Structures are given as C-alpha cells and as structure tokens.
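Input: a single structure, listed below in structure tokens.
Only the coordinates and a few stated rules stand behind these numbers; no lab work does. It should be emphasised that the depicted structure is a prediction, and the values quoted were computed from it without experimental measurement. Please note: Cβ atoms are built from the backbone with ideal geometry, for glycine as well, and neighbour counts cover all protein chains shown.
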Amino acid sequence: MSTEQLAVQQARKAFLTGRSKPLEYRIQQLKNLSRFITEREKDITDALRKDLYKSENSTQLYEILGLVGEINLAVSKLSEWAAPRPVSKNLLTMSDEVFIHPEPLGVVLIIGAWNYPIAVTLQPLVGAIAAGNAAITKPSEVSSHTAEVLELLRHYLDPEMYPVVTGGVPETQELLKQRFDHIFYTGNSTVGKLVMVAAAHHLTPVTLELGGKSPCYIDKNCDIRIACRRITWGKYVNCGQTCIAPDYILCEPSIQDKVIDEIQKCIKEFYTHDPKSFADYGRIINQRHFKRLIALIEDSTVAVGGDSDEVECYIAPTVLRDVTSLSKVMQEEIFGPILPVVTINGIKEAIQFINEREKPLALYVFSSSNKVIKQIISDTSSGALLANDCLVHYTISDLPFGGVGNSGTGRYHGKYSFDQLSHLRSCLIKKLNMEMVNQMRYPPHTAEKLRWARFFLLKQINLAKWRQMAQVAMVAALASFVVQRFLR
Amino acid sequence: MERQVVDKAREAFQSGKSRSLPYRKQQLRALHRLITERQADIAQALKQDINKSVYDTTLFELIGLENDIKLAESNLVDWAAPRPVRKNLGTANDDVYIKPEPLGVVLIIGAWNYPWSLTLQPLVGAIAAGNAAVVKPSELSEHSAGLLKELLPQYLDKEMYPVVTGGVPETQELLKQRFDHIFYTGNSTVGKLVLEAAARHLTPVTLELGGKSPCYIDRNCDIAVACRRITWGKFANCGQTCIAPDYILCEASIQDRIIEEIGNTLREFYPEDAKKSPDYGRIINKRHFDRVMALKEGCTVAIGGESDGSQCYIAPTVLRDVLPHFRIMQEEIFGPLLPIITVDNLSEAINFINTREKPLALYVFSSDKKVIKRMLTETSSGGVTVNDVMMHYTLNSLPFGGVGNSGMGRYHGKHTFDQLSHHRACLIKTFAMEGLNDARYPPLTAARVRRAKIVLQSRLCRCSGMCVWAIISTIVSIGLLIALLVVLL
C-alpha cells in the first residue's frame with residue numbers, strides 16, 4: 001500500500017471513531033493550529049523567505065493575519081455554526097420540528113498552492129476542522145521549504161485525523177485516486193480540470209479556487225493618483241504572484257501616460273529605486289516561472305522596469321504600454337510583476353474586452369462615477385468585484401471568496417468554509433399523531449381529498465411576517481391606550 | 001443539432017433579455033399557465049407513460065411545481081436583490097454585499113419517474129436566476145417528453161429555453177457542449193459520466209441521484225400509523241420514487257406485526273385489487289419490469305408477489321427475513337418490492353446503514369426521542385423525515401439533495417435560485433480615507449502591521465433595514481411601556 005493510501009485509510013478510520021464530532025475536540029484542534037502558527041513563527045517566516053523572498057512583515061500581513069483571524073472566528077462561532085438551523089414551515093408542518101442539521105462530510109483532501117503556501121493551504125483546513133471532518137493536507141511541493149515546515153503540524157494536530165502528505169505530481173496523482181468526501185484545490189485551471197475529473201470517478205464534490213486574468217478598468221473620471229497607488233500595491237505584492245492580483249489595466253489612451261507616470265512614482269515610493277535590494281519586494285518562485293514571465297514581455301513595449309536577474313529569479317516591477325489583445329502577455333494569467341496597459345475607447349469597449357474572455361476571479365474598476373461602476377457590475381461577471389481598490393475583499397470574512405466559470409467553483413472564508421465542507425442535512429421531525437390530516441394523500445383518491453391537499457400544500461405561511469404584524473398591533477394598542485390616558 | 005440549440009440559447013442569454021426581472025416573472029407566469037391550462041394533457045401523457053392517476057399527477061407532479069413557481073414569482077425581487085454583509089472597521093464607509101447573478105446557460109436533464117416536476121422544478125430556478133436553459137426530458141417517459149417538446153415553446157421564449165428530446169446519443173452530444181451549470185436527476189452511474197463531462201469544461205453540477213433509503217421502525221412506536229405512512233410512500237408511483245423507503249429495518253419481534261399492518265393498509269388503499277385500482281401505477285417499461293422481478297430472487301414473499309408482464313404490473317409486495325447478501329439489497333429497488341431486514345437493536349441498524357453508501361433519504365419511526373437523536377447523529381443521508389416518509393421533499397424551505405453517492409448540490413424554493421446563480425462578492429470603496437491604507441503599503445514596519453491587524457480583526461454590525469426596524473420598535477415599545485407604567489402609577 002502506498003503512503004498516500006495509508007494516510008487516507010488512517011484518516012478515514014480516525015473519522016469513523018467519531019472523535020471529530022464533539023465541538024470541544026474541534027475547538028481544541030483549532031487552538032492547536034493557532035499554537036503551531038505562534039510557536040513556529042520563526043520557522044514559517046524563514047521558510048517563506050527562502051521560498052518566495054517574503055519579508056517578515058509581509059509574512060505577518062499576508063499569510064498569518066488572515067489565517068489567525070479565520071481560526072479565531074471559527075473558535076468563537078463554532079457552536080452557532082454547528083447548531084441546527086430552523087427553517088420556515090407550512091401549514092402541514094406547523095407543529096413539527098423542521099431544521100437543517102450541519103454534519104461533517106468525512107475525509108477532505110486539501111491541495112495547497114505555492115504563492116501563499118501557509119494561508120491558502122491552512123485556511124481550508126480551518127474550515128475542514130471546524131466542520132468536523134478529517135483532512136489530508138497536501139502542500140505544494142513548489143514552495144518546498146514551507147512544505148517541510150507544514151510537516152511539523154503532526155506535533156500539534158491529531159496526526160491520524162489531519163495528516164500532511166508531501167510530494168510532487170506522482171504523489172498527488174496517487175492521492176487523487178483515493179476516495180474522498182470533498183476535494184479542495186487551489187491552483188490553476190488546467191490542473192483544476194484534472195482534479196475534477198478524478199473526483200468524478202467517486203462522485204466527490206469539489207471546491208476549485210483557480211485563477212484567470214483579473215482585469216482592472218481605470219475610468220478617466222477618477223482620482224488617478226490614488227487609483228494607481230492602490231493598483232501598484234495590489235499588483236506587486238508577492239511579486240505579482242497573487243491569484244487576485246490585477247492582471248492587466250484597461251484605460252482610454254488619453255490617460256495612459258498619466259497612469260504609467262503615477263504607477264512609476266508609486267513603485268519608487270514603495271520599493272525604492274532599487275527594488276532588488278529592498279526587503280519587502282519578493283522573488284519569482286522558481287526558474288521555470290521566471291523564464292515563462294520573461295518570455296511574456298518579449299513582444300511588448302516596456303514603459304517602466306523590465307530588468308531582471310535570472311540567478312536571483314528577480315524581475316523588476318514592470319509596466320508595459322500599448323499592449324494589444326494579441327500580445328503574448330495577454331494570452332495567459334501573468335502571475336508576475338508585469339503590468340500591461342491595454343487601451344480601449346470607452347467603457348463599452350472595455351466591457352466587451354472583458355466579456356470576450358473567461359470569467360476572472362476578480363474584477364477591478366476605478367471610477368468616481370457610480371453609474372460606471374453599476375454598468376460594469378451589471379454587464380460583466382467575475383468571482384468578485386471590487387471598486388476603487390484591489391485585493392481587500394479577500395479580508396472580509398463575511399464575503400464568500402471563490403470563482404465562477406474558469407476561475408473556479410465553490411467558495412470559502414469564514415462561515416462559508418464551514419458550510420462548504422459540511423453536509424447541510426434537511427430534517428423533518430414529525431409525530432405519529434394527527435394521522436387524520438394524512439387522509440387526503442392516501443388512495444383511494446377523490447376530488448375532495450385533492451382539494452384539501454392543494455389547500456395545505458399551497459398555502460404559504462410567513463411566520464415572521466405574522467409575528468411582525470402582531471408586534472405592530474400590540475404597540476399600536478399600547479400607544480392608543482397611553483394616548484387616551486393622557487388626553488383624559 | 002444539439003450544438004446549434006446550445007449556441008442559440010447562449011446568444012439569447014447574451015442579448016441580456018433574461019436579466020430583466022419582469023421578463024423572468026413573465027416567463028414564470030407563462031410556465032404556470034402551461035401547467036394549469038394543459039393539465040388534462042399532462043395527466044393523459046403520464047397515464048400513458050406510467051399509469052399515473054389524475055390525482056397522483058396533481059398531488060405528486062403539479063402541486064410542488066406550482067408552489068415553486070408562485071414562490072419564485074412573489075419573491076423574485078427579494079432573491080435577486082443585493083444581500084448586504086457585515087463589515088469591519090476598514091470597510092465601515094463602503095458598500096459591501098453579495099450580488100446574485102445568472103450563470104449563463106444551464107443544462108437540465110430530467111428523469112422519467114416524475115417527468116414534469118423533476119424536469120420543470122429546476123427550470124423554475126433557472127428562469128428565476130436569469131439563465132437560459134436547455135431542457136432535456138427523459139426519453140423513457142416518451143409521451144411526457146413529446147408533450148413537453150410541443151408545449152414549452154408555445155408558452156416560453158423558445159430560444160432561451162429550448163427543449164431537446166432524444167436518447168443516449170443526443171444526451172452525449174449535449175454533454176460535449178459547454179454549459180455554465182448542469183442539473184442532472186437520475187442514477188449514480190450516469191451521474192458520474194455527467195460529472196466527468198462537466199469537469200472538462202470546469203462546469204459546476206447539481207446531481208440529484210438515488211440510493212437505498214433505509215426505513216428503521218423502532219418497536220417503541222405506533223406501528224399501525226407507521227406502516228400506513230410507509231405503505232403510502234413505498235407504493236406511490238409503484239415504488240419508482242427516488243426518496244421511497246427502499247427497505248425496512250426492524251427487530252425480529254415486530255416483523256409479523258409490521259407485515260400485518262402493511263397488509264391492512266394495502267386493503268384499505270386498494271380495496272379491490274391493486275391491479276384494478278386507478279390509483280396504482282405501472283413499471284415504466286419492460287426492461288425495468290424484468291430488472292425488478294429479478295430482484296425477488298431468493299426472497300420469501302409475505303404479501304403480494306403477483307405480476308403481469310403484459311402490463312408491466314407488479315403487485316405491492318413485501319418480502320420477509322431478507323438477508324444483506326440477497327440480490328435485492330445490492331441495488332436501489334425503484335419498484336414495489338419492500339424487503340424487511342431484521343436487526344437485533346438500534347446499534348445494529350445504525351451499523352447496517354453506515355456500511356452502505358449515504359442514501360438520499362433516511363426514515364426513522366419511533367416515539368423515543370433518544371432513538372431519533374442517535375439515528376440523526378450517528379448516520380448521514382441527504383435528508384431525513386422522522387415518523388413519516390418523503391415529506392421533507394414537500395417543504396421548500398428545506399434544501400433538497402443528496403450527499404456522497406446520492407448526489408451533490410440542492411434545490412427547491414429559494415435554494416434552486418441560489419444553486420443556479422453566481423453569488424458575486426462586491427465591495428465598493430471610495431477614493432477617500434487613503435491615509436488608512438498606508439498601513440499596508442511598503443515599506444512594511446511592525447507598527448504598520450499592528451495597525452492593519454486592528455482594522456482587519458474588528459467587526460461592525462450589519463446595519464440593514466431589519467436591524468434598524470428592530471432597534472426602533474424596541475425603543476418605541478419600551479418608551480410606551482414606561483409611559484404606561486408612569487400613567488398607571
């Protein structure tokens with residue numbers, strides 16, 4: 001039996017013991033995960049520096065903060081999330097118990113990514129633990145140092161319930177042959193399809209957090225300076241290796257120069273005139289991606305940056321001008337510090353440009369005009385839409401995070417992670433009395449019985465509305481009584 | 001041909017027509033008219049397909065559908081409106097909400113056992129959510145499929161909601177096309193093929209599959225009532241219901257009583273003979289007739305057992321002392337055979353259920369709350385009805401769907417709308433308060449990170465209309481109460 005098979009078998013055995021069902025166990029494991037992050041902070045920071053040249057503060061801000069927030073939220077809200085959720089009844093079920101009961105799915109497979117290897121691998125794990133599942137965590141082998149650190153999880157979490165399986169493509173393929181109750185994959189669309197095909201063999205539901213080219217439309221009617229600050233930040237964080245980074249800019253030719261000028265100023269402000277020696281500017285993950293990115297610039301005009309160093313996998317913050325839809329850089333998700341500016345004539349053309357392409361994970365629009373923003377929202381589709389800023393929708397745990405179409409399926413963050421990795425079981429608890437009421441459904445059928453059935457089944461009762469009306473009536477009665485007393 | 005239909009539907013969708021709420025409502029109303037005006041034709045088609053009685057047509061096919069249409073029509077504005085979410089300190093001045101949007105072109109593959117409700121209820125959700133939809137009714141219920149193909153274009157926008165009929169080759173051709181969602185109702189084998197085809201385009205799916213829905217009868221319950229309800233659920237539509245109680249689990253001591261009560265009930269439901277009753281259905285076709293008959297192999301017949309191949313008639317049949325390795329326990333029965341398996345106790349029953357695939361529905365009959373609680377917490381299934389069968393299907397506030405082998409995704413009522421929408425997270429910020437953003441810009445310092453932490457981890461209340469109304473009404477009521485007390489004293 002392979003290591004992968006064994007890990008899955010053990011995890012299933014652990015799940016079947018039932019020990020992940022009690023909330024106390026789940027909260028304990030979540031707290032242990034929290035301890036892992038605090039106690040191993042130095043190891044994590046070191047690993048991220050080696051993998052992606054992430055600075056200590058970047059690690060805090062982009063990997064750890066969000067994760068700790070998710071853990072704290074899950075711990076404080078778990079009893080609420082896991083409790084039966086009552087739903088509205090109809091006349092027939094008035095005296096019955098009707099609710100949705102969240103339950104664990106079983107064994108979840110979490111395949112992490114290499115760009116934010118801690119956040120993107122462990123945030124789904126938080127949801128899996130909170131929902132009461134067992135989970136196999138497979139960190140990306142590309143961020144190899146972080147994968148090593150994640151193996152230390154076995155000293156903090158129940159090692160049978162939450163094993164960490166490391167390895168590359170063969171190990172992942174072996175894992176994907178096993179049967180899971182849910183597969184959570186973060187990565188690119190090509191592998192996403194393979195994951196979904198593998199899941200199909202076992203009828204396993206999936207969550208795919210993929211990517212795409214996230215467009216960034218800058219309206220001429222906006223504060224271009226601030227827009228460019230926010231875009232520059234969002235683009236060059238982690239050296240552009242963010243699934244929701246603004247991939248390319250769309251703007252009218254009349255503002256292209258101003259946009260490029262402002263971005264150039266911000267780059268200097270954020271990363272100094274020598275980003276290579278600056279601690280908060282990252283590196284490309286490996287040679288393969290470095291070469292891929294350099295090739296993308298080939299047929300475009302460099303307006304800012306463009307220099308690189310293969311040995312260090314360093315690419316300067318780069319802006320390309322007058323890019324067209326045929327340019328190499330527009331054929332795939334960039335995932336690097338290269339920002340093409342594509343000029344279009346007006347918002348209609350921008351919308352058409354966006355709609356000719358696959359639905360992106362995020363769509364950005366910068367405008368002071370609500371009308372423009374509304375038009376973009378109603379005439380396009382994307383996983384998420386953010387107006388006048390970049391990336392920050394990721395940090396709002398009450399917003400579902402996920403893609404649509406080629407950018408993914410399913411969503412998570414906060415309670416959504418819990419719901420995504422639970423089975424929400426519909427429960428109707430009736431009693432064995434009131435059998436008379438059921439007469440209308442039993443054969444021999446008559447027109448009379450049918451009339452009763454129609455009445456009971458088609459009557460909509462909105463209990464909330466009745467309650468509100470009763471409250472208003474009481475308040476009105478009270479008010480009239482008081483008024484009468486005062487008038488006397 | 002299938003490709004053209006899908007392309008046309010996509011064109012229709014891209015015209016933007018279906019985005020308008022009045023358009024969607026109009027289509028829903030047209031669908032409502034279809035099922036009310038043509039009710040007689042529908043009943044006729046169902047009689048020819050599966051010998052469904054007029055009453056069963058209304059009861060099982062049309063009432064639920066009508067319910068969903070009315071609900072969608074009256075709530076559409078609410079459902080399609082932006083849904084505000086809780087903010088944090090960093091987004092206090094922003095607009096934060098989830099906007100439901102159409103997905104695009106949905107493929108709906110219907111089933112043959114309830115060909116109208118199972119094909120059209122997903123369509124209600126597809127229309128309400130603003131999608132275009134290609135409807136592929138099951139070829140096994142051929143009269144219903146033919147009628148649907150004829151009628152739907154007469155009532156609904158025929159480019160936006162085309163009907164494609166045909167068998168396996170046509171379905172395979174459809175599945176090669178690219179959709180934005182595929183909604184399939186049927187069995188797990190084909191379900192896997194649908195999921196595989198969808199995976200190639202990264203298309204999300206809803207699979208309403210089946211399985212063997214267990215029915216546990218505790219000795220501590222009103223067995224007569226329990227058996228009445230089970231008998232109704234099992235033999236409706238001749239057992240061809242995805243959530244029919246597939247088999248009974250009970251202690252040996254009550255098996256005889258159960259068989260007696262089921263027998264009594266059958267005599268009450270079909271006073272002369274099930275074969276002569278207009279309320280008793282038939283098996284859909286010869287192939288399934290043969291399949292179901294073969295399942296009886298090796299079983300002891302306690303009630304019924306008669307059959308008539310020329311009519312695809314199988315009498316309501318109860319089988320006693322069935323063992324787990326019998327043929328009938330190897331697949332979903334989907335027919336009027338009710339096996340009884342005896343177990344020693346509740347733990348054994350739970351174990352029996354858990355060693356099998358997660359079913360679409362689970363039924364427990366007991367007056368003992370502890371028994372019910374154990375069943376609920378120690379097993380899993382798509383849905384549960386306690387002390388009755390199938391009724392969780394009829395309440396559209398409960399999401400209906402399976403888990404594991406019994407399916408993925410859910411629908412009914414608002415859940416269909418949600419399932420066939422994209423819930424787009426929207427955050428609308430302004431250009432103001434740029435100072436706040438300094439915390440995140442490089443050069444990063446520990447102080448900046450600390451500031452970011454405070455902002456990110458704070459939570460503000462969601463000041464929606466409900467909250468405001470609750471606060472105001474509470475203040476006013478308390479004020480009046482105080483005034484009243486003052487006056488009285």
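Please compute, over every Cα-Cα pair in chain A, the percentage with a separation greater than 38 angstrom. Result for the distance tail: 38 percent.
Reported to the nearest whole Å, the Cα centre-to-centre distance from region B:151-197 to region B:267-328 is 32. What you get for region B:1-147, charging only the Cβ of Lys and Arg (+1) and of Asp and Glu (-1), is a dipole of about 460 debye around the Cα centre.
Each of B:5, B:67, B:80 was scored by the projection of its Cα onto the charge dipole of region B:1-110, and the greatest displacement toward the positive side belongs to B:80; charges sit on the C-beta of Lys, Arg, Asp and Glu. Here's how it looks for residue A:303: its modeled amide H is under 5 Å from those of A:319, A:320, A:321, which are all 5 or more places away or on a different chain. Two numbers describe the Cα atoms of region A:40-96: Rg and Dmax, which are 21.3, 64 Å. The ellipsoid equivalent to the alpha-carbon distribution of chain B has semi-axes of 46, 31, 23 angstrom, derived from the gyration tensor eigenvalues as √(5λ) and listed largest first. Region A:248-317 and region A:36-100 have Cα centres separated by 34 Å.
Each of B:98, B:227, B:45 was scored by the projection of its Cα onto the charge dipole of chain B, and the greatest displacement toward the positive side belongs to B:98; charges sit on the C-beta of Lys, Arg, Asp and Glu.
Less than 5 angstrom separates the built amide H of residue B:302 from those of B:318, B:319, B:320, all sequence-distant by 5 or more or on a different chain. Calculate the length of the line joining the C-alpha centroid of region B:14-28 to that of region B:354-396, in whole Å. A separation of 39 Å, based on Cα centres.
Ranked by the mean number of other Cβ atoms within 10 Å of their residues, highest first, the peptides B:376-382, B:106-112, A:351-357 come out as B:106-112, B:376-382, A:351-357. Orientation-averaged projection of region A:215-402 equals 10.1 nm² [convex hull of Cα atoms, one quarter of hull surface area].
Report, to the nearest 10°, how far helix B:117-128 tilts away from the longest principal axis of the Cα atoms in chain B, using its own Cα long axis and a range of 0 to 90°. Helix B:117-128 sits roughly 10 degrees off the main axis of chain B. Helix B:223-235 and the longest principal axis of the C-alpha atoms of chain B enclose an angle of approximately 90°.
Take the Cα of residue A:2, step 7 Å toward its Cβ, do the same at residue A:374, and the gap between the two points is 5.5 nm. Other residues with beta-carbon under 13 Å from the beta-carbon of residue B:413 carry, at +1 per Lys or Arg and -1 per Asp or Glu, a net charge of -1.
Subtracting the Cα-Cα distance of residue B:347 and residue B:220 from their residue separation scaled by 0.36 nm leaves 44.2 nm.
Between residue B:200 and residue B:430, full extension at 0.36 nm per residue minus the direct alpha carbon distance yields a gain of 78.8 nm. Counting only Cβ charges, +1 for Lys and Arg and -1 for Asp and Glu, the dipole size of the protein assembly as shown around its Cα centre is about 2220 debye.
Approximating the spin labels as points 7 Å out from Cα along Cα→Cβ, the residue B:321-to-residue A:16 distance works out to 3.1 nm. Got a sec? Which residues in region B:101-136 would a label at residue B:78 touch, if it sits 7 Å along Cα→Cβ and we count backbone N under 17 Å? Counting only backbone N, you get B:125, B:128-129.
Residue by residue along B:235-245, Cβ atoms of other protein chains within 10 Å of the local Cβ number 0 on average. Distances between every pair of Cα atoms in region B:330-396, grouped in 5 Å steps from 0 to the bin holding the largest one, split as 3, 14, 24, 29, 20, 8, 2, 0 percent.
Shown in residue order for region B:351-365 are the 3J(HN,Hα) couplings computed by the Karplus curve 6.51 cos²θ - 1.76 cosθ + 1.60 at θ = phi - 60°: 4, 4, 5, 6, 7, 10, 4, 5, x, 6, 9, 9, 10, 10, 10 Hz (x for Gly and Pro).
Other protein chain C-beta atoms within 10 Å of residue C-beta, averaged over B:435-448: 5. Given q = 0.21, 0.22, 0.23 Å⁻¹, what are the Debye log10 I(q)/I(0) values for region A:243-313, with equal point scatterers placed on the Cα positions and solvent ignored? At q = 0.21, 0.22, 0.23 Å⁻¹ the computed log10 ratios are -1.22, -1.30, -1.36. Taking amide hydrogens as placed 1.01 Å from N in the peptide plane, the amide H of residue B:185 sits under 5 Å from those of B:109, B:208, each at least 5 positions away in sequence or on another chain. Here's the picture: charge each Lys and Arg Cβ at +1 and each Asp and Glu Cβ at -1 in the protein assembly as shown, and of A:210, B:124, B:309 the one pushed furthest to the positive end of that dipole is B:124.
Over the Cα atoms of region A:366-481, the radius of gyration divided by the Kirkwood radius equals 1.20; this is the Rg/Rh ratio. Only Lys, Arg, Asp and Glu carry charge here, each on its Cβ (+1 for the first two, -1 for the last two); on that basis region A:196-351 has a dipole of about 180 debye about its Cα centre. Each peptide in B:394-403, A:167-176 was scored by the mean count of other Cβ atoms within 10 Å over its residues; highest first, the order is B:394-403, A:167-176.
Distance between the 7 Å Cα→Cβ label points at residue A:286 and residue B:36: 6.5 nm.
Averaged over the residues of A:417-427, the number of partner chain Cβ atoms lying within 10 Å of the residue Cβ comes to 5. Working note: Karplus 6.51/-1.76/1.60 with θ = phi - 60° gives region B:52-59 the couplings 6, 6, 4, 5, 5, 4, 5, 4 Hz, where Gly and Pro are set to x. Length available on full extension from residue B:165 to residue B:476: 0.36 nm per residue minus the Cα-Cα distance, which gives 105.9 nm. Summarised as an ellipsoid, region A:184-232 has semi-axes of 39, 9, 8 Å, derived from the eigenvalues of the Cα gyration tensor scaled by 5 and square-rooted, with the largest first.
In the protein assembly as shown, the C-alpha radius of gyration followed by the widest Cα-Cα span (Dmax) gives 30.1, 95 angstrom.
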